[in-house]
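Colleague: Quick one: this structure, given as structure tokens, is what I'll be asking you about.
FYI, it's all coordinate maths here, none of it is from the lab. Predicted model only: the values in this text are computed from it and were never measured. A quick note on method: Cβ atoms are made from the backbone with ideal geometry, for glycine too, and the neighbour counts reach across all protein chains shown.
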Amino acid sequence: MPRTVTPKLSFARETFIRQRAAASGSRDVAYAYASLLRRFERSVNDCHTGTIRAHHIEDFWYGPGGLSDTCKPQTLGKYRNDMKQFLSFMHRREWTKYTPDFLLDGIREKSTRVNRNRYRMTRAELRQLIATASDPRDVALICFVACTGVRISEALYMRIRDVSFSKSELYVYLPKTKQEVTYPLASDLEAALRDWLTAYTGQVGKLKASFYLFPAFHGRRWVTGGGRMPAGQYNPESRITGPNRLLAPIAEGAEIDLQEGDGWHTIRRSFARILYDDCVSSGHDAALRIVQAALNHASVKTTEHYLGLNLERQQFHSIMKGQPFLTADVDPSKIVTLDERRASGG
């Protein structure tokens, strides 16, 4: 019986990305895989999918010039998860006879999305983080994420027009769902934004509605006329890149120990947990649903992961902790101790 000819890896990559784009409704989500898969494709000379073996992937990770030489552990964990999805796609089409788990057996990194109790800050720690930031832009940005729970990428796309002080509202575009969501403007966030916009105006002049709310700094570069753009001045038409590089020294100054993989999402998780605890203490029966709505999660399970809890497990703890279990149905007044039984000759 002749051996079935499997497609080239480049064809499998293009098919996988095309179908991921169709399933997600976003080319951006699908193309997040492109860089990794093209790099793998080059490492094996665009071989046929049926010839891929576990040692190819292990060499791609740990060999000379491999991923482990250029990527952080949490990135390697994400890449392992992305590679597993691609390998599963090929295995379902019988383009490879080996299962994804077998092919990835030599890769030690795991995704940081699971099996880790992620760090969450208290209100006091968030205030300390904000107090440590020296630039009013950074103060406002940290306060913005801490008071809304939006993703840092969503915050950095905000424009001046997306803030309404008169209505106490914020208008945030969510690329994942392709919709604009209205957020309430908390009073402490309003104060931070007003301070920042005053400083912003003082440096660049009258603010246009199209200016970025949290702009990048100008780099020291040549401009038309032979002059140089001054470093340290805000560029209202440029977004911040590398926001974690901005946050890390501020957290260090505030003596907040952010581990590998912690960053702006730590502030988002902290917002979620503080909001949940507030709702529970206020007696809201739908505390989890309120947080789910605030985070714009499609699934409650995702919200539970962000909060670092499982609702049923939490209810189990509250029922059992410090309470009788085996004697819960016994009238305490009828319980006879062992000493009392011995004294009565029983």
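Colleague: Which net charge results when you count Lys and Arg as +1 and Asp and Glu as -1 among the other residues whose beta-carbon is under 15 Å from that of T99?
Modeller: With Lys, Arg at +1 and Asp, Glu at -1, the neighbours total +3.
Colleague: Compute the length gained on full extension between N81 and S282: take 0.36 nm times their separation in residues and subtract their Cα-Cα distance, giving the result in nm to one decimal.
Modeller: Result: 68.4 nm gained on full extension.
Colleague: What is the calculated FRET efficiency for S210 to F325, with r their C-beta to C-beta distance and R₀ = 51 Å, to the nearest 0.05?
Modeller: 0.20
Colleague: Suppose R0 equals 41 Å; then what is the FRET efficiency for T182 and T51 from their Cβ-Cβ distance, rounded to the nearest 0.05?
Modeller: Between T182 and T51 the formula returns 0.20.
Colleague: Region 172-203 to region 34-85: how many Å between their Cα centroids?
Modeller: Spelled out, the Cα-based centre of one part sits 40 Å from the other.
Colleague: Now a separate question. Between D69 and R108, what's the calculated FRET efficiency when r is the beta-carbon distance and R0 is 22 Å? Round to 0.05.
Modeller: Computed FRET efficiency for D69 and R108: 0.90.
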